[in-house]
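The structure appears below as structure tokens.
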Amino acid sequence: MREITPRKIIEMKGKEKITMVTAYDYPSALLADRAGIDIVFVGDSLGMVVYGELNTLNVSMEQMVFHTRAVAKAVKRALVLADMPFGSYEVSVEEGVKNAVRLIQAGADAVKIEGGYDHRKLVRKLVRMGIPVMGHTGLTPQRYLRLGGYRLIGETEEEIEEILRDAKALEKAGAFAVVLEFTLADVAKLVTEEISIPTIGIGSGPWVDGQVLVWHDLLGIYENVPPFVKKYADLASIIQLALENYREEVKEGRFPAKEHYWEFLDKDDFERKKARALETLEESGEY
């Protein structure tokens, strides 16, 4: 069992801020784990940042299982959390259970489900089975068509009420935490105070129990990022410069240099071996 468990995450509420970051492959997960991140999250955001989709709606269970398996092999300390993609749990509780099991068998320690009140029966069932669940309310990207796009949530009484209802339903159903995405900070603070399980914010201000960001966003791999993202690096420029330098050195014959390859020390020995090899091939008719 990994060091960071759902119980540990719950115990961190009000005591220690929780860090969470997405990762979609072995090397990324390895670095996140070494950096001491608490939750390594295989998010369905991979549809956009890895596969170039315009939204997350086309992400399949097969993709989630594939990437979860790669991430799980790398992580030794952090909690590995896997997203339930669109269409994998909405049809029925039974379908949701079957797909959650697939992610756990791929190496996840817990699953995340978008929505709250509407899926309380599924959350309760999974928790009773022994599968930890994180909920997600506020801006729920899988429902962006209904929401009218990717927009700030919580400006109306109805939205505040829905967010609170979701969070409380998740708490009651046994979820160990809930993501609050692109929610007004005042509303996120209210929710954090009203429930006993941790809140993980993304674009929802400082008064939550933890923060989550997408790997490619915080590392500056793409130029366009959501307005709530802080870029902690500009890897796009660093990577592009490295590739340009590589191209230039190959074109000019400066790579590989002497330290990057090996030759026969005894040239006479090479000439003898070369002659015999050519002779053998000629005699075989294969040259």
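A short reminder: the numbers here are calculations on the coordinates, not readings from a lab. Everything numeric in this text was worked out from a predicted model, so none of it was measured. Positions of Cβ are backbone-derived with ideal geometry, glycine not excepted, and every protein chain shown enters the neighbour counts.
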| request: Please identify every one of the GluC sites (Glu not before Pro) in segment 190-287 that sits in a loop by DSSP and has no more than 10 other beta carbons within 10 Å of its own beta carbon. | output: GLU223, GLU252, GLU263, GLU286
| query | Among VAL214, ILE163, VAL133, whose Cα sits farthest toward the positive end of the charge dipole of segment 124-225 (+1 at Cβ of Lys/Arg, -1 at Cβ of Asp/Glu, about the Cα centre)? | reply | VAL133
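Going by the alpha-carbon gyration tensor, a ≥ b ≥ c the square roots of its eigenvalues, is segment 104-145 rounded (a/c under 1.5) or, if a/c is not under 1.5, prolate (a/b greater than b/c) versus oblate?
oblate
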| field | At R0 = 30 Å, FRET efficiency that the Cβ-Cβ distance of LEU235 and LYS17 yields, to 0.05 | value | 0.80
| said: Report, in listed order, any pair from LYS15/LYS172; LYS8/LYS98; LYS15/LYS125; LYS8/LYS112; LYS168/LYS189 with a Cα-Cα distance greater than 20 Å. | reply: LYS15/LYS172; LYS8/LYS98; LYS15/LYS125
| query | List the lysines whose alpha-carbon lies under 20 Å from that of LYS258, not counting same-chain residues fewer than 8 positions away? | reply | LYS267
| query | About the Cα centre of segment 118-262, what is the dipole size in debye to 20, counting +1 per Lys and Arg Cβ and -1 per Asp and Glu Cβ, all else neutral? | reply | 700 debye
| query | Across 5 Å bins from the origin, how do the percents of Cα pairs in segment 52-148 run, short distances first? | reply | 2, 14, 24, 25, 20, 11, 4, 0
| request: State the Cα centre-to-centre distance between segment 73-117 and segment 215-287 in whole Å. | output: 39 Å
| field | Antiparallel content of DSSP bridges confined to segment 76-229, in %, to 5 | value | 5 percent
| query | Hey, which lysines would be in cross-link range of LYS251, C-alpha to C-alpha under 22 Å, not counting anything within fewer than 8 residues on its own chain? | reply | none
| Which shape class applies to segment 117-217: rounded if a/c is under 1.5, otherwise prolate when a/b exceeds b/c and oblate if not, where a ≥ b ≥ c are the square roots of the Cα gyration tensor eigenvalues? | rounded
| For the chain, how big is the tail of P(r) above 37 Å, as a whole percent of Cα pairs? | 26 percent
| task | Could you tell me which trypsin sites (Lys or Arg not before Pro) in segment 181-242 are loop residues by DSSP with no more than 14 other beta carbons within 10 angstrom of their beta carbon? | result | LYS230
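Give a quick list of chymotrypsin sites (Phe, Trp or Tyr not before Pro) in segment 42-121 that DSSP marks as loop, anything other than H, G, I, E or B, with at most 15 other Cβ atoms within 10 Å. Intermediate results must be reported in sequence, preceding the final value.
Working: sites: TYR51, PHE66, PHE86, TYR89, TYR117; in loops: TYR51, PHE86, TYR89.
Those that pass, being in a loop and sparsely packed, are TYR51.
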